[in-house]
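Here is the structure we will look at.
The values are calculated or read from the model by the stated rules, or taken from the named source; none is laboratory data. As the structure is a prediction and not an experimental result, all values here were calculated from the model. Virtual Cβ from ideal backbone geometry, glycine too; neighbours counted across all protein chains shown.
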């Protein structure tokens with residue numbers, strides 16, 4: 001079993017955030033933009049590969065729409081904002097970007113197929129490399145985000161740990177009960193060769 005992916009991702013978010021806070025103002029704005037643009041292009045490339053590997057694209061389209069609508073209906077962003085405000089108060093932070101940093105990083109690090117499929121694959125004890133690719137990307141993004149938005153970004157590691165940990169253990173629990181066709185589609189979507 002793998003089961004290390006969500007822990008590695010949590011650590012890379014913390015490490016990237018700390019590094020971003022340390023170098024903060026010394027990291028030129030154009031470098032922050034290059035990091036985020038490079039990560040965006042990498043995400044598009046991986047997402048396109050994942051989409052083209054599936055034999056049932058309707059599942060991907062349906063999942064994206066259902067996930068987006070579900071998140072909106074249950075108010076994930078508002079819930080994260082309230083949690084961010086509580087964390088800011090508890091940490092006695094005077095940062096005016098604390099909540100924005102926390103929410104932005106949490107949404108970036110905890111949405112998308114790499115989070116869901118990578119964590120589930122890690123739990124299935126199959127090839128779990130997708131979550132490690134995501135960990136590297138999240139660590140780099142954390143550098144740029146914390147350099148721009150401050151200390152709130154580091155607290156997004158909590159949402160990474162909780163959400164990805166839950167998905168990993170869900171994959172571990174349900175992996176043996178999934179039909180092989182479902183596992184094949186999840187693997188195709190996650191580029192598990």
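Test residue 26 against the stated conditions and say whether it is in contact with a helix residue (DSSP H, G or I) (Cβ under 9 Å, 6 or more places away or on another chain) and free of Cβ contacts under 8 Å to residues at least 24 places away in the same chain. Yes, satisfied. Restricting 35, 58 to residues that are assigned to a helix (DSSP H, G or I) and surrounded by 10 or more Cβ atoms within 10 Å (Cβ to Cβ) narrows the list to 35.
If you filter region 6-32 down to residues that are exposed (fewer than 13 other Cβ atoms within 10 Å of the Cβ) and over 24 Å from residue 158 (Cβ atoms), you find that the one that is modelled with the lowest pLDDT is 25.
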